[in-house]
């Protein structure tokens, strides 16, 4: 971790203080948000800069935690007010969850502004924020070589035009299965993905939670398995860790071929599988590269015909 | 199809006349049951004999249909009374379903009796019937080289002792994820499977419906993907077609190594994926080997890192 040098991957998204209740445990004000998980996951592979906002209540120890991961904080702004907060409760399956409360706070006025040093970064990840804000990021960057955008049902329902514009400009779009159906009106996920590919992206990744993901491109379909985790403690942020782990790994690779994308997606699945073993970033704090490599080898062996 | 010669694979299970309602369509008295799906799926690869029971109301055209698949019917008995009947309705997701009615009819008195010609068959599949009846089959066979047994929550709850005896005698146990948890009291599927392996089977296959399956053995874990079907019309029997396709393929192979088992499981997934494209056996009636081979190649490409 703590990669030095120029920021190679810039991530834009949300930072939150989360109250999380699982069937086993309850934690308050833990560090979360899509930006947090994606950046931490990516730091295992590359130099990452975050673009986000926190309030004056943001605990200094969390700022130190970001630094200990080696995340570049030039794009992190602290503004008057409270940090974005989310409370949720997981059902006994550790998968379905109920949102108990959401307070946008300073995130309601968030407008991503990239420091000059980030504008030429080759890898750009637009987390799940409004498509208008995602377009605002596009206005600030100089020809990134690979742009990944995530989205959600809210924007499909309320901001379809700017979202379609975002989709036309990205290299990869990630969304979950129900969102792919909502966006295209097509029930079948392959047909939905093929439709989205005609709108511009080179890759579409459909996330299926604990069942993995599917990559679609002109080269065909790749089924990304989920690593079977022994004991899930907190699934919050798994999709963001998956995307961050994938993208960090890809950014660290010499070439960005379809094969590289497939391999990096497996790394994303591996990093996400570690993340859910503890609350928030706790597992990432102790996670080391040899563990990631070992589980990557294990996961690739699980999809190989030859044992 | 219509393989000739000695029966290599014997399958024991249920034959039903099903009323099926999906969000798109409704069909009455179509040919179903675990035995039907498993045998039909296996005929694409090997010579299959069925052990089951039907009533006097069983349509002669369904008997002809079995024959057209080349299934050996020496073990099929027709008894006074009505055939087993099941009615179910699928939810809009084509996955969850509600059982509207079940009439056991002649199946309530079913006792599997193997014709002499079946007793030395090397491959034996014990479909989901009571463990006592599964044990009764063991009493009639001469040292089969590979025995696969399926089970369900009902037997785990009501007949655990004989079920444990069955498990100690089989080569492979198949069950779904919730059943594996119920049987072992372990939430984690890997730990559950590892527990079951200590009871005797060389292989445990945990089925996850439209999300594929997982193979566990001393050699490790293999994640069996589900082929992403363009349009599901009737998912009834998919698990049985998966098992039958797998086992028929394995029976046709020269060796039964772990690699052979993995490959055969992919064939099972492929055959099952065709089966759900139409009601009952309709898709299997037109399905040909080159289609199976092509989809097998497609599915293996979908889990390969190199595109």
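The values are calculated or read from the model by the stated rules, or taken from the named source; none is laboratory data. Not measured: the values here are computed from a predicted model. Reconstructed Cβ throughout: ideal geometry from the backbone, glycine too, with neighbour counts over all protein chains shown.
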Determine which member of the set B:192, B:219 is surrounded by fewer than 18 Cβ atoms within 10 Å (Cβ to Cβ) and either over 15 Å from the mean Cα position of the chain (by Cα) or farther than 21 Å from residue B:256 by Cα (or both). B:219
Return yes when residue B:210 is away from every other protein chain (no Cβ under 12 Å) and modelled with pLDDT under 95 and no when it is not. no
Being within 17 Å of residue B:273 (Cβ to Cβ), assigned to a loop (DSSP other than H, G, I, E, B), within 12 Å of chain A (Cβ to nearest Cβ) and in contact with a helix residue (DSSP H, G or I) (Cβ under 7 Å, 6 or more places away or on another chain) is the filter here; which residues of the range B:213-263 pass it? B:225, B:226, B:227, B:228, B:229, B:230
How many residues are over 28 Å from residue A:265 (Cα atoms), without any contact (Cβ under 8 Å) to a residue 60 or more places away in the chain and away from chain A (no Cβ under 14 Å) if we restrict to the range B:275-307? 7
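Only one of these is closer than 21 Å to residue B:266 by Cα and free of Cβ contacts under 8 Å to residues at least 40 places away in the same chain: B:221, B:158. Name it. Don't jump to the end; show me each part of the working.
Values: B:158 fails: closer than 21 Å to residue B:266 by Cα.
None of the others qualify; the one that does is B:221.
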Residues A:51, A:106: which one is modelled with pLDDT of 95 or more and surrounded by 24 or more Cβ atoms within 10 Å (Cβ to Cβ)? A:51
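Okay, residues lined up against (1) within 22 Å of residue B:216 (Cβ to Cβ); (2) buried (at least 21 other Cβ atoms within 10 Å of the Cβ); (3) out of contact with any helix residue (DSSP H, G or I) (no Cβ under 7 Å at 6 or more places or on another chain):
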residue: A:268; (1), (2), (3): no, yes, no
residue: A:277; (1), (2), (3): yes, no, no
residue: A:284; (1), (2), (3): no, yes, no
residue: A:292; (1), (2), (3): no, no, no
residue: A:299; (1), (2), (3): yes, yes, no
Show me the strands (runs of 3 or more DSSP E) found entirely inside the range A:1-101 where at least 1 residues are over 20 Å from the mean Cα position of the chain (by Cα) and farther than 28 Å from residue A:119 by Cα. A:16-21, A:26-32, A:85-90
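Matching residues to (1) more than 14 Å from the chain's Cα centre (by Cα); (2) farther than 22 Å from residue A:306 by Cβ:
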site	(1), (2)
B:242	no, no
B:250	no, no
B:255	yes, no
B:268	no, no
B:273	no, yes
Exactly one condition in (1) within 12 Å of chain A (Cβ to nearest Cβ); (2) in contact with a helix residue (DSSP H, G or I) (Cβ under 9 Å, 6 or more places away or on another chain) is not met by residue B:161; state its number. (1)
Scanning the range B:90-102 for residues that are touching a strand residue (DSSP E or B) at 6+ places or on another chain (Cβ under 7 Å) and surrounded by 15 or more Cβ atoms within 10 Å (Cβ to Cβ), the one farthest from residue B:28 (Cα to Cα) turns out to be B:97
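Would you call residue B:74 within 17 Å of residue B:275 (Cα to Cα) and touching a helix residue (DSSP H, G or I) at 6+ places or on another chain (Cβ under 7 Å)? It would help to see each step written out before you state the result.
Numbers: within 17 Å of residue B:275 (Cα to Cα): no; touching a helix residue (DSSP H, G or I) at 6+ places or on another chain (Cβ under 7 Å): yes.
It is false that residue B:74 is within 17 Å of residue B:275 (Cα to Cα) and touching a helix residue (DSSP H, G or I) at 6+ places or on another chain (Cβ under 7 Å).
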Test for residue B:135: is it within 23 Å of residue B:175 (Cβ to Cβ) and free of Cβ contacts under 8 Å to residues at least 24 places away in the same chain: no
Going by the conditions given, is residue A:204 under 27 Å from residue B:224 (Cβ atoms), without any contact (Cβ under 8 Å) to a residue 60 or more places away in the chain, assigned to a strand (DSSP E or B) and more than 9 Å from chain B (Cβ to nearest Cβ)? yes
I'm told residue B:181 meets every condition in (1) within 14 Å of another protein chain (Cβ to nearest Cβ); (2) in contact with a strand residue (DSSP E or B) (Cβ under 6 Å, 6 or more places away or on another chain); (3) surrounded by fewer than 24 Cβ atoms within 10 Å (Cβ to Cβ) except one. Can you identify the failing condition by its number? (2)
